[in-house]
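No value in this document is a laboratory result; all are computed from the given coordinates. What you see is a predicted model, and the numbers here were worked out from it, not measured in a lab. Cβ: placed from backbone, ideal geometry, glycine included. Neighbour counts: every protein chain shown.
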Amino acid sequence: MLGERAICEGSSSGLAITADQQQQQQQAGQAQAGTGAGVPLSRYESQKRRDWNTFGQYLKNQTPPVSLSHCNCNHVLEFLRYLDQFGKTRVHSHGCVFFGQPDPPAPCPCPLKQAWGSLDALIGRLRAAYEEHGGSPEGNPFGNGAIRTYLREVKESQAKARGIPYKKKKKKRNNQMMMMNNTNKQQQLLQQLPNDNNDTNAPLTHIP
């Protein structure tokens, strides 16, 4: 979106990855998992491997092909836009009568796109996979500021178009409240315990 070309260098046009190629990628990933140490991959690890293979195939389909060592944030941005054609989330256009309505009463011709949450999770997996395959954290294209800007703009635009505001997580605040409650309970318990060393209500000792 805005400022993406100024932040990144280089660009390339994407070619479609066919369904057969994607199926071959998935089968190859499953075959590799089966020939490992006998430990089945978790759902997250399996998805991360499929995402990484799909991105690698996307780069190979460029003209000319792009190696993983030479990919940059522009390739990542184009990959995210390319994935929109496989999205299942209806994002209303500004001219649509249902723009901003969370539950439209009728269908509309607005395009289907990838939901912001799906893209955000995808970038997280690819960012981890990049470093697992020897990439440096400093040069990780999936952690580039342009990617964060793009995801933020997608999040805001989809929230307005669908009328579904994304609520900020309150996990941190809830944890702080729990800690405060625990501290108050501990103080109350300490006040209830007798203090033999400094009890102002204890009777005075008779000194002969």
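What to note about this one:
- Counted by Cβ distance under 13 Å from Q85, the other residues give a net charge of +1, where Lys and Arg count +1 and Asp and Glu count -1.
- Full-stretch length increase - K88, K155 - with 0.36 nm per residue and alpha-carbon distance subtracted: 22.6 nm
- For N140, nonlocal amide neighbours, meaning residues 5 or more places apart or on other chains whose placed amide H falls under 5 Å from its own, do not occur.
- Close amide H partners of K113, meaning residues 5 or more places away or on another chain with modelled amide H under 5 Å apart, are K88, T89, R90, V91.
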